[in-house]
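Working notes, structure below.
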Amino acid sequence: MTQTEDLTAIRVVDFLPHEPAVVWRALTTPELLAQWLMPNDFAPVVGHRFTFRTDPIPATRFSGVIACEVLELREPELLVISWEDESPENDMKTTVAFRLEAHDGGTRLSLVQEGFRLDHPGDQMARKIMGGGWGGHMFRRLAEVAGAAA
């Protein structure tokens, strides 16, 4: 797995030992998405608005509800969603792009979450926290869920 330092974005690239169609299913099936990321009401339809739900973190003004919209969808290679806290107290607005590419019998998965403001302490704290999650356990959990669902 590789991660590069960019104060406006999180960029993670990893290899998953499953073909793109299997990884795609884990990214776009609400029940599977909930297993590796968060409970949600996702639908793989451009324009669909949905939420992820998790525990709030009051110290960071994170409400625990992430409001999203499917911005772009090209099965099985690209999913782009908007990502912002539902609370008006937290005005961070980012996009998350998942790119899948067949590679060596598996999938090269790239994630880019961008739109973090350089001069905003809340955005920068969120970037550090989420960067650790995406680059740490999230891709590992995604691979486990994809493998179990294959």
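The values are calculated or read from the model by the stated rules, or taken from the named source; none is laboratory data. All values reported here derive from a predicted model rather than from experimental measurement. Positions of Cβ are backbone-derived with ideal geometry, glycine not excepted, and every protein chain shown enters the neighbour counts. Just so you know, the surface numbers come from the protein's heavy atoms only, side chains and all, with ligands and any DNA or RNA stripped out. Shrake-Rupley method; radii C 1.70, N 1.55, O 1.52, S 1.80 Å.
Once the Kirkwood radius over Cα pairs is known for the chain, the Stokes-Einstein relation at 4 °C and 1.567 mPa s delivers a diffusion coefficient of 83 µm²/s. Computed from point charges on the beta carbon alone (+1 for Lys and Arg, -1 for Asp and Glu), the dipole magnitude for the chain about its Cα centre is near 180 Debye.
In this structure D6 has an accessible area near 40 Å², from a 1.4 Å probe over the protein heavy atoms.
A 1.4 Å probe over all protein chains sorts K93, K128 by accessible area into K128, K93, starting with the largest. For region 38-43, the Karplus equation 6.51 cos²θ - 1.76 cosθ + 1.60, evaluated at θ = phi - 60°, returns couplings of 7, x, 7, 10, 5, 9 Hz by residue, with Gly and Pro reported as x.
Label sites at D55 and E89, each approximated as a point 7 angstrom past Cα along Cα to Cβ, lie 1.7 nm apart. Taking all protein chains together and rolling a 1.4 Å probe, M125 ends up with roughly 90 Å² accessible. Per residue, region 60-150 exposes 49 Å² of accessible surface when a 1.4 Å probe is rolled over the protein heavy atoms with every protein chain present. Share of carbon and sulfur in the accessible area of region 1-75 stands at 54%, probe radius 1.4 Å.
Projecting the Cα atoms of W36, T54, P17 onto the dipole axis of region 3-68, where Lys and Arg carry +1 and Asp and Glu carry -1 at the beta carbon, places T54 farthest toward the positive end.
Among residues other than P58 whose Cβ falls under 13 Å from its Cβ, what is the net charge (Lys/Arg +1, Asp/Glu -1)? Overall, the nearby charge balance is -2.
Entry note, region 30-103: relative contact order of 20 percent, from Cα contacts under 8 Å with a spacing of 6+ residues.
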